[in-house]
Structures are given as structure tokens and as C-alpha cells.
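Accompanying notes for the structure given below.
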Amino acid sequence: MNELRAAIEAVLFVSNEPVTLDDLVEALGSDADTVTAQLNDIKRSLDENPGGYALEQTAGGWRFASRPEHEEILKKYFAKKGEGRLSIAALETLAIIAYRQPVTAPEVSDIRGVNSTGVLRTLLERHLIRVAGRKAVVGSPFLYRTTREFLIHFGLNDIRDLPRLEEFGDLIGETISEDLVTAVQSAAVDQSE
């Protein structure tokens, strides 16, 4: 194995988040074409000889990730480890923000039909959403958007890769109520008028 490939693998292995091509080029002192060729070679090698992980491009960078066919085993493992899962309320709120962003807390609460302040705080603490300014209305409420961490968490390369709202439940492993789907869609229609 050549040294450049080994160095790329080492960087990707220790990184907690996807590594951009620019960051790899800078760290390795190589050119973008050579690094890209090595990344593609690593990906091809892992795809041809499947193991427990693969190389994927997500959130504008590259990372090693577990293969989808191991999802059930990993769910069992992390369930035993007591990993904190998002509540249904948090997932609903996250869906509203993902599909309507930027959106204010009063708008989220109006769509959900309940006060969502506590849920928003939890999503902010988990870095799945961020404050993206203030809306130019009376009271100047904060506007919320999803984050890069959201993309990483859900394995999306870009927010445009979100599935249709009806399919979002499959992505998060929960059922999204039809009432919520209808509320988000009708709110989006109202907003575009």
C-alpha cells in the first residue's frame, strides 16, 4: 500500500466528521487530483471487498461509515449502550425545521400544536439545529436551520437530498403522523403564497 493512501485512511479513521478534499490536500501536501484518485481507489477497494465499513461522501466530505446491512446489529448494540435517542416530539420538530427552514419557534409550535421550546433547546444542544438569524417581524424571533451535524447524523450530502416528507419517517426509523405531514405541507403552501 502506498504512503499517500495509508495517510488518507489514517486521517479518515481518526476524524469524527467528514473530511473535505481541501483539508486532505492541505494536510497531505498533495494535489487534489491525486488525493481524489486515492479516495476513489479506497472506495472501489472497499466496495469490491465488503467488510464492516465503507467509504462514503457525505456533508461535503469523506468518511468511513458502517454498511447499511449492519444497521440492525448496530441498533441493538447502541440500545444496550444506552445511547440517547431523539423523542418523537424532537423528530417531529426536526422534520418541520428540515423541510421549512428557516423557521421560527412560534411557527414550529403552531404546526405541532404544542409549545416546542424545550424540544428546540434539546436539538440545539445536540447540534442538529442552529440559530440562523432573526425574522423581521414584531418581536424578532430566532430563525432555525438544520446543521452540518444533521446531515452527518442522517447520512445526507446536502439538504436537497432529503426524501419526500412522507418518506422522512423511514429515514429516521419512526412513523411521522399524517396530521404532521399535512400541517407541514399546508404551511409550506401558505408560506409560498
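The values are calculated or read from the model by the stated rules, or taken from the named source; none is laboratory data. Owing to the predicted nature of the structure, the values given are computational and were not obtained by experimental measurement. Backbone-built Cβ (ideal geometry, glycine too); neighbour counts: all protein chains shown. For accessibility, only protein heavy atoms count, side chains too; no ligands or nucleic acids. Shrake-Rupley method; radii C 1.70, N 1.55, O 1.52, S 1.80 Å.
For this structure, a couple of remarks:
- Among the residues of the range 20-59, those identified as open to solvent by less than 50 Å² (accessible area, probe 1.4 Å) and under 17 Å from LEU156 (Cβ atoms) are THR20, ALA54, LEU55, THR58, ALA59.
- Taken over the range 140-168, the residue count meeting the criterion of being at pLDDT 85 or above, among the aliphatic types (A, V, I, L, M) and not in a helix (DSSP H, G or I) is 2.
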